[in-house]
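Here's the structure we're looking at; comments come further down.
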């Protein structure tokens, strides 16, 4: 299925892992199941560790997200955790679960929904993860070809309809862990341990 946000090194989010020592790295990274990212995170928790959002790996991605809304880097990070830990692929349900878990960013679910809808439209019309964004749209809308061949158009003039469509139809997806270098524990020379999650969205 077509992607809205393509996975790349630009879409990695870095989490600091606290509560575990480097001697468990091999044990966690040795997990090779079909759902290895989820299972590795679960093993980190079982060992007494936790994931704490550190930053988007690339400054350009952090800049672009913050241009849409200052809370987006951390909000997206929370949604990534919800996706990889619980396989909540639908954007709307994922955001609801994040909010209900207590990650409310000092606002309500309606406000967070507006922020995510604004982000989705931005990605569709001009936001690229690897290129510093100026906030301008480079397209005017979206044409959807349904399975029965019917064409449905959404124009930026009717922004609400476009936002609603994206919010209800876009899903998280799991890209290749080897190609995009994420999903395993990394020990740095300073003694800190990190774990990366990659951000990909599809229709």
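For every residue, the table says whether it meets (1) in contact with a strand residue (DSSP E or B) (Cβ under 9 Å, 6 or more places away or on another chain); (2) closer than 30 Å to residue 132 by Cβ.
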| residue | (1), (2) |
| --- | --- |
| 4 | yes, yes |
| 7 | yes, yes |
| 10 | yes, yes |
| 22 | yes, no |
| 32 | no, no |
| 35 | no, no |
| 43 | no, no |
| 56 | yes, yes |
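Just one of the numbered conditions (1) under 16 Å from residue 4 (Cβ atoms); (2) at pLDDT 95 or above is not true of residue 143: (2).
Residues are listed down the side, and each one gets a yes or a no for (1) within 17 Å of residue 115 (Cα to Cα); (2) within 13 Å of the chain's Cα centre (by Cα); (3) at pLDDT 95 or above:
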| residue | (1), (2), (3) |
| --- | --- |
| 1 | no, no, no |
| 19 | no, no, yes |
| 27 | no, no, yes |
| 61 | yes, yes, yes |
| 98 | yes, yes, yes |
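The condition of being surrounded by fewer than 16 Cβ atoms within 10 Å (Cβ to Cβ), at pLDDT 90 or above and touching a helix residue (DSSP H, G or I) at 6+ places or on another chain (Cβ under 7 Å) holds for only one of 109, 197, that being 109. Under the condition of being in contact with a strand residue (DSSP E or B) (Cβ under 6 Å, 6 or more places away or on another chain) and assigned to a helix (DSSP H, G or I), the residues counted in the stretch 166-190 number 1.
The values are calculated or read from the model by the stated rules, or taken from the named source; none is laboratory data. What you are looking at is a predicted structure, and each value in this text was computed from that prediction instead of being measured. Cβ coordinates were reconstructed from backbone atoms using ideal geometry, including for glycine residues, and neighbour counts include every protein chain displayed.
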